[in-house]
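Have a look at the structure below before the remarks.
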Amino acid sequence: MQSSFGILSMIQQGYYATYPLLFISVVCLAIIFERVWALWGVGPRTAKLADSLIPNLRTGKFNEALQATQARATAAERIFHTLISGAQTMDRDHLLELDDERRYQEGLEFKRYIWVLATAGASAPFIGLFGTVVGILVAFQSMAIMGTGGFSVVAAGISEALISTALGLAVAIVAVIFYNYFSVKVENISAIQHINDDRLIDAALQGRQTRGN
């Protein structure tokens with residue numbers, strides 16, 4: 001209990017650095033939970049939706065495929081709906097261009113808020129270092145005013161200062177780990193989407209030939 005109170009006391013003493021770091025940590029945690037929820041299972045659902053659409057497209061049943069994606073509630077549904085609509089009149093080159101455009105737009109949505117994690121990972125250690133430097137300056141100033149030497153005089157002040165660096169490093173480590181995780185996750189989702197878009201385009205063009213278009 002005493003150590004817990006001591007840590008809280010040190011955080012309060014270094015408020016000029018620790019409070020901003022605590023705010024940044026709360027924002028990062030909110031973004032982490034939101035992005036985990038938003039990206040959870042996107043790849044498998046995309047592949048499953050494509051598997052359900054391809055049989056209808058190969059037999060030229062474009063209306064049935066369009067109805068299956070009519071809600072357009074997910075990125076895969078929106079992209080597939082656009083490609084199926086365009087596949088009835090466009091050639092492969094134009095469909096590929098349309099696919100690139102739509103995947104880029106949806107990719108921006110997948111990356112939403114992730115930049116905040118990168119910014120927090122880069123800036124949090126410096127905020128903590130700033131708090132530590134200021135805290136040590138205050139500690140030595142107190143020693144000069146008291147007119148006595150010895151480490152015991154400034155030990156408390158230095159410990160309060162170092163809590164800023166520790167907190168800054170903790171925030172930065174978590175932010176960087178999840179920034180890298182989400183970056184790789186988005187790239188994997190984009191790759192899965194690209195593969196299934198190609199499958200969808202092939203099936204749709206095959207369906208046009210079946211219908212004689």
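The values are calculated or read from the model by the stated rules, or taken from the named source; none is laboratory data. Given the structure is predicted, the values throughout are model-derived calculations rather than measurements. Heads up, the Cβs are rebuilt from the backbone with ideal geometry, glycines too, and the neighbour counts pull from every protein chain shown. The protein model used for the area step is the full one, side chains on, heavy atoms only, and it has no ligands, DNA or RNA in it. Shrake-Rupley method; radii C 1.70, N 1.55, O 1.52, S 1.80 Å.
Each of Ala47 and Leu129 was given a label point 7 Å from its Cα along the Cα-to-Cβ line. The distance between the two points is 4.4 nm. Legend: calculated FRET efficiency, Ser85 to Ile173, from the Cβ-Cβ distance at R0 = 41 Å, rounded to 0.05, equals 0.35.
Using the beta-carbon distance between Phe23 and Thr74 and R0 = 30 Å, what value does 1/(1 + (r/R0)^6) give for FRET efficiency, to the nearest 0.05?
The formula returns an efficiency of 0.40 here.
Under a Cβ-only charge scheme (Lys and Arg +1, Asp and Glu -1), can you give me the dipole magnitude of the range 6-96 about the Cα centre, in debye to the nearest 20? It comes to approximately 140 debye.
So which lysines can Lys61 reach, going by Cα to Cα under 22 Å and dropping same-chain residues fewer than 8 places off? Correct list for Lys61: Lys48.
With all protein chains in place and ligands, DNA and RNA left out, the 1.4 Å accessible area ranks Val171, Val133, Val27 as Val133, Val27, Val171, largest first.
Count Lys and Arg as plus one, Asp and Glu as minus one, and take only other residues whose Cβ is under 14 Å from that of Glu97; the net charge is then -4. Partners of Lys111 within straight-line reach, counting aspartates and glutamates whose Cα lies under 13 Å from its Cα and excluding those fewer than 8 residues away in the same chain: Glu34, Glu187. Both the radius of gyration and Dmax for the range 58-138 are 23.2, 77 Å, in that order, over alpha-carbon atoms.
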